[in-house]
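Engineer: Have a look at the structure that comes next, please.
The values are calculated or read from the model by the stated rules, or taken from the named source; none is laboratory data. Because the structure is a prediction, the values reported are computed rather than measured. Cβ sites come from the backbone with ideal geometry, for glycine too, and all protein chains shown count toward neighbours.
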Amino acid sequence: MEHPATQPAAKAPSFWECPTCNYLSSDPSFASGGSPCPGCGSTAGPRRLFPPDSQRLLDTRIRHYYGEQEWQITVILAAALLEALLEDTLDRIMAAHGADIPIRGTLLDSVRAIGVRISRLFPDLTGVEFDVAANAAGFSDFPKRWRKVREVRNAFIHDTPYRDVAGSLDEHTALEAMLLLDTAYTLFVSINNTFVADGRSKRGTSTHVSLHGGTTDEEAPHGAVGP
């Protein structure tokens with residue numbers, strides 16, 4: 001982005017979802033259903049608010065903790081919400097291709113590690129690497145920055161094997177986690193509109209997913225690749 005934010009937003013952004021194709025838009029006129037959907041042209045309603053109430057409530061609490069200078073809980077909860085946003089996006093992609101709830105739940109339960117979801121499940125579902133999708137949305141540094149926050153969070157929780165970063169769960173990391181969260185909403189909406197709304201017509205309704213094993217990016221040494 002040309003002018004990245006340097007301070008967190010006051011609250012989570014608001015998007016509205018087309019009930020026909022699941023396109024998400026931040027345009028207030030889109031909320032009422034009076035304007036046609038840019039994805040499919042439908043004017044059907046109601047158009048549901050995104051992020052949903054549960055995530056919006058958690059977002060509000062995280063921003064409160066940040067304002068209270070509770071750096072550790074801010075990072076831990078922001079990292080959890082980022083992972084929830086990714087999981088919801090993966091679920092939406094699978095639903096767009098016709099996978100029913102039991103299949104989606106089974107797959108996500110089988111691939112719990114966030115590193116595997118990013119590096120292997122996402123490309124299997126979309127046909128592109130997560131880094132490529134982030135770059136296309138204008139956030140080329142997001143994956144690297146997100147990984148760093150996860151490393152610091154894991155170091156704090158597990159106390160090993162990342163002792164060299166365990167002491168860096170501080171104000172700087174909390175700010176970085178908040179900026180990543182603000183960015184993530186726009187990034188995942190872009191991914192949704194590419195692989196959920198637009199993907200319905202371009203990729204059909206069948207999904208082939210190959211489950212990979214191996215080491216997650218949080219567990220492996222830097223640069224290591226699992227089998």
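Engineer: State yes or no: is residue 61 over 18 Å from the mean Cα position of the chain (by Cα), within 23 Å of residue 171 (Cα to Cα) and among the basic types (Lys, Arg)?
Structural biologist: Numbers: over 18 Å from the mean Cα position of the chain (by Cα): yes; within 23 Å of residue 171 (Cα to Cα): yes; among the basic types (Lys, Arg): yes.
Yes; evaluated as a whole, the condition is true for this residue.
Engineer: On to the next question. Give the number of residues within the range 15-43 that are within 25 Å of residue 94 (Cβ to Cβ) and surrounded by fewer than 14 Cβ atoms within 10 Å (Cβ to Cβ).
Structural biologist: 1
Engineer: Also: Say we look at the range 45-57 and pick out the residues that are surrounded by 14 or more Cβ atoms within 10 Å (Cβ to Cβ) and in a loop (DSSP other than H, G, I, E, B); which of these is modelled with the lowest pLDDT?
Structural biologist: For the range 45-57, the residue satisfying everything is 45.
Engineer: Follow-up question, since we're still on this one. Which one is farthest from residue 184 (Cα to Cα) among residues in the range 99-140 that are surrounded by fewer than 20 Cβ atoms within 10 Å (Cβ to Cβ) and in contact with a Pro (Cβ under 7 Å, 6 or more places away or on another chain)?
Structural biologist: 129
Engineer: Assigned to a loop (DSSP other than H, G, I, E, B) and under 17 Å from the mean Cα position of the chain (by Cα): is that true of residue 132 in this structure?
Structural biologist: no
Engineer: What are the residues in the range 154-163 that are in a helix (DSSP H, G or I) and either modelled with pLDDT of 90 or more or more than 21 Å from the chain's Cα centre (by Cα) (or both), if any? Don't jump to the end; show me each part of the working.
Structural biologist: First, the residues of the range 154-163 that are in a helix (DSSP H, G or I): 154-158.
Listed by number, the residues that qualify are 155, 156, 157, 158.
Engineer: Still on this structure: The conditions are (1) modelled with pLDDT of 90 or more; (2) at negative phi; (3) under 18 Å from the mean Cα position of the chain (by Cα), and residue 172 fails exactly one of them. Which is it?
Structural biologist: Only one criterion is unmet by residue 172, namely (3).
Engineer: Within the bounds of the range 73-91, is there any residue that is in contact with a Phe, Trp or Tyr (Cβ under 6 Å, 6 or more places away or on another chain), free of Cβ contacts under 8 Å to residues at least 60 places away in the same chain and assigned to a helix (DSSP H, G or I)?
Structural biologist: Scanning the range 73-91, I find at least one residue that is in contact with a Phe, Trp or Tyr (Cβ under 6 Å, 6 or more places away or on another chain), free of Cβ contacts under 8 Å to residues at least 60 places away in the same chain and assigned to a helix (DSSP H, G or I), so the answer is yes.
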